[in-house]
Amino acid sequence: MCSDDRKDKRIKSEMLERLKLETAKELNVNLDKSRGERINARDAGRVGGNMVRKMIRDYERMHE
């Protein structure tokens, strides 16, 4: 894998992580794993579903 490909993959991963944290904060879902807690399936689905909605909305805005 080319170093540019690795860099692009890392950047995309960081962007998704920021989106996940931002979305969880908006939904008052605690993703802090330092206390050994796990996120329940319902909250994980809420965060993931809202992330997808945001990505679709942003895509549609870019392609209007």
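The values are calculated or read from the model by the stated rules, or taken from the named source; none is laboratory data. This is a predicted model, so every value here is computed, not measured. In this analysis, Cβ positions are derived from the backbone assuming ideal geometry, glycine residues included, and neighbour counts consider all displayed protein chains.
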Screening ASN50, ASN30 for residues that are among the polar types (S, T, N, Q) and in a helix (DSSP H, G or I) leaves only ASN50
Filtering the stretch 1-27 down to residues that are more than 21 Å from ARG57 (Cβ to Cβ) and in a loop (DSSP other than H, G, I, E, B) yields MET1, CYS2
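Restricting attention to the stretch 22-39, report how many residues are at pLDDT 85 or above and of a type in the set (Ser, Thr, Tyr).
1
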Pair list, Cβ under 7 Å, 6 or more apart: the stretch 41-63 residue surrounded by 11 or more Cβ atoms within 10 Å (Cβ to Cβ), other residue not aliphatic (A, V, I, L, M) | VAL47/LYS20; VAL47/THR23; ASN50/THR23; MET51/LYS20; MET51/THR23; LYS54/THR23
Going by the conditions given, is LEU19 hydrophobic (A, V, I, L, M, F, W, C), modelled with pLDDT of 95 or more and out of contact with any strand residue (DSSP E or B) (no Cβ under 9 Å at 6 or more places or on another chain)?
-> yes
